[in-house]
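Colleague: There's a structure below that I have some questions on.
Every number in this text was worked out from the coordinates using simple rules, so none of it is lab data. Bear in mind that the values here come from a model prediction, so they are computed numbers and not experimental data. Because the Cβ atoms are built from the backbone with ideal geometry, glycine has one as well, and the counts that use them run over all protein chains shown.
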Amino acid sequence: MIHRTPEQVAAQRSRDTIFVEDARVTEVRTFPGHQYIFRLHSPETARRAVPGSFVHILCDDAIPMRRPLSIMRAHAADGWIEILFKIVGNGLRSLGHKEPGDRMSLVGPIGRGFEPSRSRPRALLVGGGVGIPPMIFLAESMQADDFDWQALVLMGSEIPFPFEPGESIMETEWLGKEFVAAMPLMEDWRIPSRLASLAHFNGVFRGYVSDLARKWLEAQTPEDLTRTEIFTCGPGAMLEAVAALARQFDVPCQASLEEYMACAVGGCAGCTVPVTTPDGPAMKRVCVDGPVFDAATVFAEA
């Protein structure tokens, strides 16, 4: 009998959920900064997607390499998913030319997602740039759950946000009253959110989103922190800063990593990252061993 570690079992389980689908574009929304939100009819992916999972999309028949994109929302009953992307390179530029009715091949849903613990219901969700979509998916799953999650969503961007910020009706005692910009979708779900940027947007906290996270953590009592967990996705420097906050305030943190991928199903090992395990250092594949990892195992203390 072949003995498999729990990590290997989990990675195999991730591969077992993957399907190749002929997805159809049903809606396209465009935003400043060459950003797009696509709604795709992709019922198999929608039925199996979890917050933190992603799809591998063939952007154009003339460009053989697929692109990994996080799932922002999924509706199992109606069979759709949403993705957000920003034009970077020829592949995503080609994808941005798609229109409703166009079809594309996708592989998904891929990867291990976030695993919130009900012992820590105070969830701090921190997303930066194209790391915002998994935070939206996670927030929506918490809103739909019958458990009393106490989520706060913080988002950062140095280009216009991929939505029109609105003025929040939910007050924040830990932040100045002048910082009222929020994501309208979160307001609809009754989940507080706040925005951060260095770009001087109205009502937006001036600073990095990790600075905003620090302000919230500093306002919590020691008892509050024992019931808190951080979930984050974004650029590497942001993840490292959020992981450092988690260490400082002694709270667990789950981080979704962004890496270049070739196959995205664990075969090529091109997306490996060094991770600390109980048995010592190891190389893990972001696609199927992740993309979500315990931040403390990826971002070592300086």
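Colleague: Charges only on Cβ, +1 for Lys and Arg, -1 for Asp and Glu: so what's the dipole of the chain about the Cα centre, in debye to the nearest 20?
Modeller: Numbers: 29 positive and 38 negative charges, 117 e Å.
The dipole of the chain has a size of about 560 debye.
Colleague: Against the empirical 2.2 N^0.38 Å scaling, what ratio does the C-alpha Rg of the range 6-110 come to?
Modeller: 1.05
Colleague: For a label point 7 angstrom out from the Cα of residue 175 toward its Cβ, which stretches of the range 224-238 have the backbone nitrogen within less than 19 Å?
Modeller: Hits in the range 224-238 for residue 175 at 19 Å: 225, 228-235, 238.
Colleague: Right, something else. Within 12 Å, Cβ to Cβ, of residue 138, how many net charges do the neighbouring residues add up to if Lys/Arg are +1 and Asp/Glu are -1?
Modeller: Counting the neighbours of residue 138, the net charge comes to -3.
Colleague: Taking the Cβ of each residue in 172, 228, 276 as the centre, tally the other Cβ atoms inside 10 Å and list the residues starting with the fewest.
Modeller: Ranking 172, 228, 276 by Cβ neighbours within 10 Å, fewest first, gives 276, 172, 228.
Colleague: Residue-wise, which Karplus ³J(HN,Hα) couplings in Hz belong to the range 157-172, taking 6.51 cos²θ - 1.76 cosθ + 1.60, θ = phi - 60°, and x for glycine or proline?
Modeller: Rounded to whole hertz, the list is 7, 9, 10, x, 5, x, 6, 8, x, x, 7, 6, 9, 9, 6, 10.
Colleague: For a quick check: with amide H placed at 1.01 Å from N, whose amide H comes under 5 Å from residue 272's, ignoring anything fewer than 5 positions away on the same chain?
Modeller: 286
Colleague: How far apart, in nm, are the 7 Å Cα→Cβ label points at residue 119 and residue 190?
Modeller: Simple spin-label model gives 2.9 nm for this pair.
Colleague: Could you compute the net charge surrounding residue 114? Neighbours are other residues with a C-beta less than 14 Å from the C-beta of residue 114; K and R count +1, D and E count -1. Walk me through the intermediate numbers first.
Modeller: Details: positive: 112, 118, 120; negative: 115, 140, 145, 229, 294.
Charge balance in the 14 Å sphere: -2.
Colleague: Hey, what do the phi angles of the range 213-225 turn into as Karplus ³J(HN,Hα) couplings, whole Hz, using 6.51/-1.76/1.60 and θ = phi - 60°, x for Gly and Pro?
Modeller: 4, 4, 4, 5, 4, 5, 7, 8, 7, x, 5, 4, 5
Colleague: Report the label-to-label distance for residue 226 and residue 31 in nanometres (one decimal), using points 7 Å from each Cα along the Cα→Cβ vector.
Modeller: So the two model labels end up 3.9 nm from each other.
Colleague: May I ask you to list the aspartates and glutamates whose Cα is less than 13 Å away from that of residue 86, ignoring any residue fewer than eight positions away on the same chain?
Modeller: Of all the aspartates and glutamates, those that pass the test against residue 86 - Cα under 13 Å, at least 8 places apart if same chain - are 158.
Colleague: Right, next: I need 112, 118, 66 ordered by Cβ neighbour count within 10 Å, fewest first.
Modeller: 118, 66, 112
Colleague: Amide H of residue 112: which non-local residues (sequence gap of 5 or more, or other chain) have their own amide H closer than 5 Å, using H built in the peptide plane?
Modeller: 290, 292
Colleague: Another one. Say R0 is 45 Å: what FRET efficiency, to the nearest 0.05, do residue 200 and residue 279 get from their beta-carbon distance?
Modeller: Between residue 200 and residue 279 the formula returns 0.40.
Colleague: Moving on to the next point. Kindly work out what percent of the DSSP beta bridges joining two residues of the chain are antiparallel, to the nearest 5.
Modeller: Close to 65 percent.
Colleague: Let me ask something else. Projected onto the charge dipole of the chain (+1 at Lys/Arg Cβ, -1 at Asp/Glu Cβ, origin at the Cα centre), which of 191, 181, 278 gives the Cα projection farthest towards the positive end?
Modeller: 278
Colleague: Still on this structure, please answer the following. Have a look at 292, 42, 249 and report the one farthest towards the positive end of the charge dipole of the chain, computed about the Cα centre with Cβ charges (Lys/Arg +1, Asp/Glu -1).
Modeller: Working it through, the farthest residue towards the positive pole turns out to be 42.
Colleague: Ok, one more. Give the residues of the range 55-79 whose amide nitrogen is closer than 19 Å to a point set 7 Å from the Cα of residue 143 in the direction of its Cβ.
Modeller: Answer for this model: 71-79.
Colleague: Take 200, 75 and order them by how many other Cβ atoms sit within 10 Å, fewest up front.
Modeller: Neighbour counts put them in this order, fewest first: 200, 75.
Colleague: While we're looking at this one, here's another question. Which peptide among 91-101, 129-139 comes first, and what is the full order, when sorted by highest mean count of other Cβ atoms within 10 Å?
Modeller: Working: 91-101: 14.9, 129-139: 25.9.
Highest-to-lowest ranking by the protection proxy: 129-139, 91-101.
Colleague: Compute the length gained on full extension between residue 158 and residue 87: take 0.36 nm times their separation in residues and subtract their Cα-Cα distance, giving the result in nm to one decimal.
Modeller: Gain on stretching residue 158 to residue 87: 24.1 nm.
Colleague: Tell me the mean residue ellipticity at 222 nm calculated for the chain from its helices only (DSSP H runs of n ≥ 4, each -39500 (n - 2.57), averaged over every residue, nearest 500).
Modeller: Only helices count here, giving -6500 deg cm²/dmol.
Colleague: Applying the Karplus parametrisation 6.51 cos²θ - 1.76 cosθ + 1.60 with θ = phi - 60° to the phi angles of the range 59-71, what ³J(HN,Hα) value in whole Hz is obtained for each residue in order, glycine and proline being reported as x?
Modeller: 6, 7, 4, 7, 10, x, 6, 7, 10, x, 9, 5, 7
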